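All remarks here apply to the structure that follows.
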Amino acid sequence: MQSALSQALKLEFHRRMKSMLPSFQKAGTDFGGVIYRKWDHADKKYVFIFLSPSPKFDRFTVELAVNPEAEFPFSILPGDKSPRGAARERIRRFSNKKDGWWDLNHSHEPDMKLILEAKDKVFKATSAIPGLVEDAVLQICQAIPVFLQSLEHTSGDTP
């Protein structure tokens with residue numbers, strides 16, 4: 001994702017997180033994305049949201065994770081769980097987004113004409129960010145309880 005788009009995306013995402021999920025605090029950045037976390041007192045683990053812009057295309061996805069430690073569990077792959085209680089999933093498992101990506105423009109399309117046109121439409125992509133981020137955060141709000149509940153059902157499966 002182009003630097004200007006990435007910056008605008010991260011600013012809008014932070015604004016929406018503060019207003020819609022204020023219990024999540026920005027915890028840092030890694031792999032070009034932004035990590036938010038909150039402490040779950042009942043389960044005694046951190047719940048994470050990771051905004052992950054694509055490094056190659058003008059689109060983004062979101063990952064959810066839990067970990068008894070304060071760091072996002074990058075050491076495990078999405079869909080995996082660790083014996084210590086960390087788990088990580090991409091939002092597509094819990095949302096109505098078929099592939100789990102929000103596209104700012106058509107930069108991911110294999111058609112070269114569309115790619116060149118997309119590069120000329122940075123303004124249009126930037127103007128799409130608020131609506132796409134709002135949709136993403138709404139889906140995060142719906143996905144978090146489902147994600148946490150799915151961990152309860154599988155907690156006996158991990159050694």
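What to note about this one:
- Residues in segment 18-56 that are part of a loop (DSSP other than H, G, I, E, B), of a type in the set (S, T, Y), in contact (Cβ under 8 Å) with a residue 24 or more places away in the chain and closer than 19 Å to L151 by Cβ: none.
- Comparison of A143, A118, A87, A136 shows that the only residue that is modelled with pLDDT under 80 and crowded, with 19+ Cβ neighbours inside 10 Å is A118.
- Residue under evaluation K98, criteria (1) part of a loop (DSSP other than H, G, I, E, B); (2) modelled with pLDDT of 85 or more; (3) out of contact with any helix residue (DSSP H, G or I) (no Cβ under 7 Å at 6 or more places or on another chain), criterion not met: (2)
- Of all residues in segment 63-92, those that are in contact (Cβ under 8 Å) with a residue 24 or more places away in the chain and over 18 Å from D43 (Cβ atoms) total 5.
The values are calculated or read from the model by the stated rules, or taken from the named source; none is laboratory data. Model, not experiment: these values are computed from the prediction. In this analysis, Cβ positions are derived from the backbone assuming ideal geometry, glycine residues included, and neighbour counts consider all displayed protein chains.
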